[in-house]
Amino acid sequence: MLSKTTFYLALHACLNLAATASQASSGNTKYSENGGKVAINWTDASTVLGRPDTYLGKLAVPLDYTLPPSKNNTLTLNILKVKATKEPKLGSVLTNWGGPGLPATDWLLQQARYVLAMTGGQYDIIGPDPRGTGTTMPVDCYNDEMERMVATLRTPTRTNSSDVALGAVWSYTKQYAARCFQNEAVNGSLMSTAFVARDFMKIVDALTVEGEDGLLRYWGISYGTYLGQVLAAMFPDKVDRMMLDGVLNPLEYQQGWETGPAETAPVTLGQFTKQCIDAGASCALFRPNVSSSALYEQIQSLTERAKREPIVMGPNVTTDIVTYEKIADASDTALRMGLASGSYLAGYLNSIMIRETPEYNHTQYLLNRSFIVQDAAINADNTQLIRCSDAMFRADELTNIEERVQHITELGDWNSDYIIGSYIMCSLWKIQAKKRYEGDFKAKTKNPVLLIGSPYDVRTPISGAYAANKILEGSVVLRHDGLGHTVMYSPGTCAITATAAYFVNGTMPEEGTVCEQDFGIFSGKSLNDTLNLIGEP
């Protein structure tokens, strides 16, 4: 439901936003023939973008860092800046929203208040569109949208949806990898995180022309935490402040196969059912005298029933058919978004259980709308081009990955197969990155790194933060107990206050600190309610 039909609407919405930003940022970019420092060309975009003190910038960087600098070897980065709201100003914080492949300019514009709160309000916030993202070197593996749509609809989203699903994913994914090699072999070889990290440091250098100190202050979530760890490993002496929220296990991501999401999926569903039972009637799935563990089993039973026999909703030809894939995709998306979609998921699952077609249509619409607003273009080609550029494992035959697939599938009894297709994709990848980071990520940064994670994060569980903690010397893990992917989707005043203190004063929370949440996902509260408790940054 969410990963296919809604994707096209999301993609077009995202592209429209990116086009607006691109049109607003006019002007020529300067290029340094000898590779020296140049200033970012900023344009005041407050009127166009509808937010005061907002600027769009352009900066020329090397397209290929393995070649000598030249005018023909140049890429123009598109950058958004939201100015600090408090004095004294302390510099700039660079951000990456993850994906990989999310256009930072659009997301920063939407979430500026949140990022200012997380960083204390005394920093300018800078969101560069990484190469291959937004309007910075856009990519497309297909010749037209119809070709893309046909391929997407034919490819199963889950490897465990049937006895033949794994083989189908392998074959269709192999075809997709060949298309990307055919259409994007050149640009695709220039999109690794090692190159993106160098782009970010070029921005840091450019900011010295504006009077900054040449040190990196960085805030990253999800894939942005991998970028952060590459930055720390490649430029440890340049890291002044770095906060990573929703931390990827760097060594697993580097291989292209991760275990954390499969392990945490059932833990997250268990927390969802617990919050539902605790919330009572405000959760559509609540039943008197039904425990959270019993509700968990009912949801499992529903998905298994849909796998054997898809569920028909409604009495006529306009009805919908609910498959295992639809339930699994909706559950993953909603649990990742925490406060934004958790209550909608309860209504969606309940409507299927009781065969209530109007409620099913309504909650399905709400989930789809949340996906479009919150998650635009997360599955575009740039995601695979960036992710697979970094991945080191390759396979020639289906038999080469079957043990890995089985291992990940067996790690949890719920939704463990949701991302295996992406791992298979990178195993089949044909484009060779010009340069990728292949080190061990061990680093002693100028100042310690702050790592944040939740045991109820279905995408980047806290196990990733603990893995990074072992190799980033002096780093500290701050645990929060929100249900959702990163603090943005499961906000709490404790975590946000702690990150602000870190950026402003360098204050680290004590190791072992646990931040409880202000609201559960059935409270009817939102991110803005949390920010209102803190006050304007």
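The values are calculated or read from the model by the stated rules, or taken from the named source; none is laboratory data. Because the structure is a prediction, the values reported are computed rather than measured. Cβ: placed from backbone, ideal geometry, glycine included. Neighbour counts: every protein chain shown.
Summary of computed values
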{"quantity": "Among the candidates K37, K71, residue that is touching a residue at least 40 places away in the same chain (Cβ under 8 Å) and more than 22 Å from T133 (Cα to Cα)", "calculated": "K37"}
{"quantity": "Matching option when the condition is at pLDDT below 85 and in contact with a Phe, Trp or Tyr (Cβ under 6 Å, 6 or more places away or on another chain), among T6, T20", "calculated": "T6"}
{"quantity": "Exclusive hit being under 30 Å from G57 (Cα atoms) and crowded, with 23+ Cβ neighbours inside 10 Å, set T225, T268, T208, T264", "calculated": "T225"}
{"quantity": "Leading residue by the ranking (surrounded by the most Cβ atoms within 10 Å (Cβ to Cβ)) among those in the stretch 87-97 that are in contact with a Phe, Trp or Tyr (Cβ under 9 Å, 6 or more places away or on another chain) and assigned to a loop (DSSP other than H, G, I, E, B)", "calculated": "W97"}
{"quantity": "Filtered residue count, the stretch 23-49, keeping only those that are assigned to a loop (DSSP other than H, G, I, E, B), small (G, A, S) and modelled with pLDDT under 60", "calculated": "5"}
{"quantity": "Some residue of the stretch 167-175 being of a type outside the set (S, T, N, Q), surrounded by 22 or more Cβ atoms within 10 Å (Cβ to Cβ), touching a residue at least 24 places away in the same chain (Cβ under 8 Å) and under 29 Å from G220 (Cβ atoms)", "calculated": "no"}
{"quantity": "Within the stretch 101-116, considering residues that are modelled with pLDDT of 90 or more and in contact with a Phe, Trp or Tyr (Cβ under 9 Å, 6 or more places away or on another chain), the one farthest from A177 (Cα to Cα)", "calculated": "L116"}
{"quantity": "In the stretch 429-461, residue farthest from P509 (Cα to Cα) [restricted to those that are of a type in the set (V, I, T) and crowded, with 24+ Cβ neighbours inside 10 Å]", "calculated": "V458"}
{"quantity": "Matching residues, the stretch 79-98, being without any contact (Cβ under 8 Å) to a residue 60 or more places away in the chain and touching a helix residue (DSSP H, G or I) at 6+ places or on another chain (Cβ under 6 Å)", "calculated": "L80, V82"}
{"quantity": "Residue that is nearest to A501 (Cα to Cα), among those in the stretch 234-277 that are among the aliphatic types (A, V, I, L, M) and in a helix (DSSP H, G or I)", "calculated": "M234"}
{"quantity": "Those residues of the stretch 278-308 which are surrounded by fewer than 19 Cβ atoms within 10 Å (Cβ to Cβ) and part of a loop (DSSP other than H, G, I, E, B), in sequence order", "calculated": "F286, R287, P288, N289, V290, S291"}
{"quantity": "Lone qualifier among V150, V139, V196, V186 - being within 23 Å of the chain's Cα centre (by Cα), part of a helix (DSSP H, G or I) and of a type in the set (V, I, T)", "calculated": "V196"}
{"quantity": "Matching helices (runs of 4 or more DSSP H) fully within the stretch 443-537 where at least 2 residues are in contact with a Pro (Cβ under 8 Å, 6 or more places away or on another chain) and not hydroxyl-bearing (S, T, Y)", "calculated": "462-471, 493-505, 527-534"}
{"quantity": "Options T74, T136, T119, T155; residue that is surrounded by 21 or more Cβ atoms within 10 Å (Cβ to Cβ) and touching a Phe, Trp or Tyr at 6+ places or on another chain (Cβ under 9 Å)", "calculated": "T119"}
{"quantity": "Conditions (1) under 22 Å from N447 (Cα atoms); (2) not in a loop (DSSP other than H, G, I, E, B); (3) not charged (D, E, K, R): number failed by G211", "calculated": "(2)"}
{"quantity": "Residue within the stretch 508-529 that is of a type in the set (G, A, S), surrounded by 23 or more Cβ atoms within 10 Å (Cβ to Cβ), in contact with a His (Cβ under 7 Å, 6 or more places away or on another chain) and under 29 Å from A346 (Cβ atoms) present", "calculated": "no"}
{"quantity": "Breaking point among (1) free of Cβ contacts under 8 Å to residues at least 40 places away in the same chain; (2) buried (at least 23 other Cβ atoms within 10 Å of the Cβ); (3) in a loop (DSSP other than H, G, I, E, B), for L231", "calculated": "(3)"}
{"quantity": "Filter pass, G256 being buried (at least 18 other Cβ atoms within 10 Å of the Cβ) and on the phi > 0 side of the Ramachandran plot", "calculated": "yes"}
{"quantity": "Among the residues listed as P68, P100, P52, the single one being in a loop (DSSP other than H, G, I, E, B) and buried (at least 19 other Cβ atoms within 10 Å of the Cβ)", "calculated": "P100"}
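A quick yes/no check of all residues on (1) more than 24 Å from P100 (Cβ to Cβ); (2) in contact with a helix residue (DSSP H, G or I) (Cβ under 9 Å, 6 or more places away or on another chain); (3) free of Cβ contacts under 8 Å to residues at least 40 places away in the same chain:
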{"position": "G439", "(1), (2), (3)": "no, yes, no"}
{"position": "K442", "(1), (2), (3)": "no, yes, no"}
{"position": "N447", "(1), (2), (3)": "yes, no, no"}
{"position": "V458", "(1), (2), (3)": "no, yes, no"}
{"position": "V476", "(1), (2), (3)": "yes, yes, yes"}
{"position": "A495", "(1), (2), (3)": "no, yes, no"}
{"position": "E510", "(1), (2), (3)": "yes, no, yes"}
{"position": "G524", "(1), (2), (3)": "yes, yes, no"}
{"position": "T530", "(1), (2), (3)": "yes, yes, yes"}
